[in-house]
Each structure stands twice: as structure tokens, then as C-alpha cells.
Amino acid sequence: MMSDVTPLEPMNWRKYLNIVWSPWGAILVIIVVLALSDIAGLPEIIRLAGGSLLRTAPYILFAVISIAYLQACGAETLVANAFKGREFRMIVLAALVGGLAPFCSCQVIPFIAGLLIMGVPLGPVMAFWLASPLVDPASLLITAGALGWDFAIAKAVFAVALGLIGGFTISFLVRHGAFAHPLRENFKRGCGCGPDPFDGKPVWKFWREIERRGEFARAFRQNFMFLLKWMSLAYLIEALMITYVPAELIAGVVGGAGAKPIIISAFIGAPAYLNGYVAPALLAGLMTQGMTAGAAMSFMVAGAVSSIPAMTAVWSLVKPRVFAAYISLGIGGAITAGFVFSVVARVAT
């Protein structure tokens, strides 16, 4: 007599690898390694990380509520108004509102593509593109909580300045024959993420519509979990650096006066950067170990412009020459911001 035997399904290794490589998985791995190698020091590291997270909690909560409100209202439609009128006006407004755009990294792609397809000049588009990754309401609050309002406000000022410089530089080059056709030939607009940013008007009293209330709840939950996991990992890494990394080592690489630490920080920050929510905590730890204020600013600006979502969006949309211009402006702007902030910090003290 034969019996039916249900074959075992193959194990989905990719699923488990994704868990391990997630922030929660990284946190668990770090704690396990510490428990096996330095169980006596583990409580102090957790205390340091937890204390930093609690001090930043009010900023995180306010940031999450702000993002959810903007997304529920559909406030991203206001950004499109910056790209109307004369090119000079467009560049200035694009740089100013770049830090206010409540887009996910996926939504930036159809928005920028839509601007280029509609014939918006590359100068204003580049101004928005350079300013947008550097600052938004959430990262501004997180930066203020970790590094202070002086650093956060300076970062916002540099974001606008970089957008203006980049926008006017590209506009000048376009007028002299460069970047005649910036968009890739085979690009198709749309990524299936959110509504078209050019349609509709903001609804500030979103709670009157059930769909918008649902969007607020979804955005709150999604952004809260996103910030919680990344900030927890960031502060855990900060605690590890403070505990185990000699201050002399940090000071020897990105510490001290002069141009060297600022330039090095820009080129280290570009490939090493994670996102605008992790960086402030990591930089706070590095600065306690001897990193200069100018080097920290250079690291943050370079990393924001060259983060994986930002570079992916640029590369997927535009031709290599435009991509090279974007990266060059970002790195050059980061180094300049580092020098300027270093001078300002020295005068202030």
C-alpha cells in the first residue's frame, strides 16, 4: 500500500539572507558577537546606544508625523510649481524647495523624468536634484538631535547653495552647447510608486477623506519603522566606535587642521554613506573621537549626493555625461562646504 508523501519545499535561502542583511539582522549579529567576545562590555554598549536613541526620540517622532502629514496631503504637487516661468526663477525655487519634497527614492525618478520630458531646462532640474538628497524635514530634525542645530542649519544652507551653484553651472554649460539631450533614449516614465506629482492639489485637511487617513497611517507606520531600525543600528555602531575604536586612529585620518581631512572625508563619505538618518549618529561618534567639524560636513554632503538611491536615480534617467556632472558637482560642493563650515566653526569658537 502506497501512501502519499508531500515533498518538502526547498528552503528559501534568499529570504533568510535578506533578514540577516537588514538593520535588525545586523543588530542581532552585533549583539551575538559581543555576547560571545565581550559579554562584560555588552551592557554598557547597549546603555550608550539606548540613551542616544531616547535623546533623539522626540525628533524622530516629530519627523515621522511631518512626513506622514505631507504625504497624506499630497504636498508634493507644490514642488511642480517651482518649475514654471523664467529659468533664473526656476533654478532659485528648485534649490529652495528641493529639501521639502516628500518623495521616496523611487518617486524622484518619475518626477525628474517628467520635468525633462516636459522640456524643463536641465539647470533647474539639476538644482532640485542636488538639493533634494541633502536635506528634508526628517533628516534635518535627526541631524539637529545628533549634532546640534548649528550643524543642521548649516547643512540646509549648503544644500540650497549647492543646488544654486549646480543649477547655474549646468545652465551656463547648456547655453554653450553641452548636455543637449540629457535624458536616456529608452527611459519610460513611471515606477508604479504613488500618484503623478504634476496632478491634483494638496488637501491640507486630509482627515476628511478616508483614503488620505489610510495614507497617513501607512506613511506613519512605514517611516517610523524605517527610522527606528536605522537609528537603532546607527547608535549601536556609534557606541561600538566610542568603546573600541581608538580616538588617535580617527584623529589621524580625519582629524587635525588643514585641507587633508576635509578632502579625505568627502571621498570616504561618497562610497561609504548609508542614508541621511544614519549618518548624523555615526558622525557624532566620529567627532567625539577627533573628527573635525569641517570634515564631518564634507562627509555628510558628499554621502548624501552620492547615496545609492540618488546615484541610481541619476544613472537610470540621464546619459553618462550628465551623471558625471552630477557627481563632480556633488563632490566639489562637499569639499567646499567642509572648508566653509570649518572656518565658521573656528570663528564661532
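Values quoted throughout were computed directly from the atomic coordinates according to the rules given, and no laboratory measurement underlies them. Just so you know, these numbers come straight off a predicted model, no measurement behind them. FYI the Cβ positions are ideal-geometry reconstructions off the backbone, even for glycines, and counts take in every protein chain you see.
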Practice problem: Calculate the spin-label point distance for residue 54 paired with residue 288, positioning each point 7 Å from the Cα along the beta-carbon direction, and give it in nanometres. | Solution: 1.5 nm
Self-check item: FRET efficiency, residue 221 to residue 176 (Cβ-Cβ, R0 56 Å, nearest 0.05)
Solution: 0.70
Self-check item: Other-chain or far-sequence residues with amide H under 5 Å of residue 318's (modelled H)
Solution: 184
